[in-house]
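Colleague: Before we start, here is the structure in question, set down as structure tokens.
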Amino acid sequence: MIKTLIGKTIDEIKKIIDNYEKMINEEEYNRDILEELIVYDEIYKQPSRKRCALLPIEAIKKIIN
């Protein structure tokens, strides 16, 4: 997660986070924006891991705000 966000602007980070959350929640998203985070594309196959996949995003959102 952090590797993907290093060197990005706040706006870019927000866009990445938005697309990541959409991916995890099985909504339409832009694959190109996610870079290495695309490895979580099939997390929906393991619903019990969804919460774990979203934890770093919650922390990053708090830091940004």
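The values are calculated or read from the model by the stated rules, or taken from the named source; none is laboratory data. No experiment lies behind these values; they were computed from the predicted model shown. For neighbour counting, all protein chains shown are included, and Cβ atoms are generated from backbone atoms with ideal geometry for every residue, glycine included. Accessible surface is based on the protein model in full, side chains and every heavy atom, while ligands, DNA and RNA are left aside. Shrake-Rupley method; radii C 1.70, N 1.55, O 1.52, S 1.80 Å.
Colleague: Do you know the Lys pair count in the chain for C-alpha distances under 13 Å, with sequence separation 8 or more or different chains?
Modeller: For the chain, the number of qualifying lysine pairs is 5.
Colleague: Can you work out the Karplus-derived ³J(HN,Hα) for every residue in the range 22-32? Use 6.51 cos²θ - 1.76 cosθ + 1.60 with θ = phi - 60°, whole Hz, and x for glycine or proline.
Modeller: With the stated coefficients, the range 22-32 comes to 4, 4, 4, 8, 6, 9, 5, 8, 9, 4, 5 Hz.
Colleague: With charges set only on the Cβ (+1 for Lys and Arg, -1 for Asp and Glu), what does the dipole of the chain come to about its Cα centre, in debye to the nearest 20?
Modeller: 340 debye
Colleague: I need the Debye-formula profile for the chain: one equal scatterer per C-alpha, no solvent, reported as log10 I(q)/I(0) at q = 0.12, 0.20 1/Å, two decimals.
Modeller: -0.27, -0.75
Colleague: If I fit a long axis through the Cα atoms of helix 50-64 and take the longest principal axis of the Cα atoms of the chain, what angle between them do I get, 0 to 90°, rounded to 10?
Modeller: Helix 50-64 sits at roughly 10 degrees to that axis.
Colleague: In the range 1-47, what percent of the accessible surface is made up of carbon and sulfur (1.4 Å probe, ligands and nucleic acids excluded)?
Modeller: 47 percent
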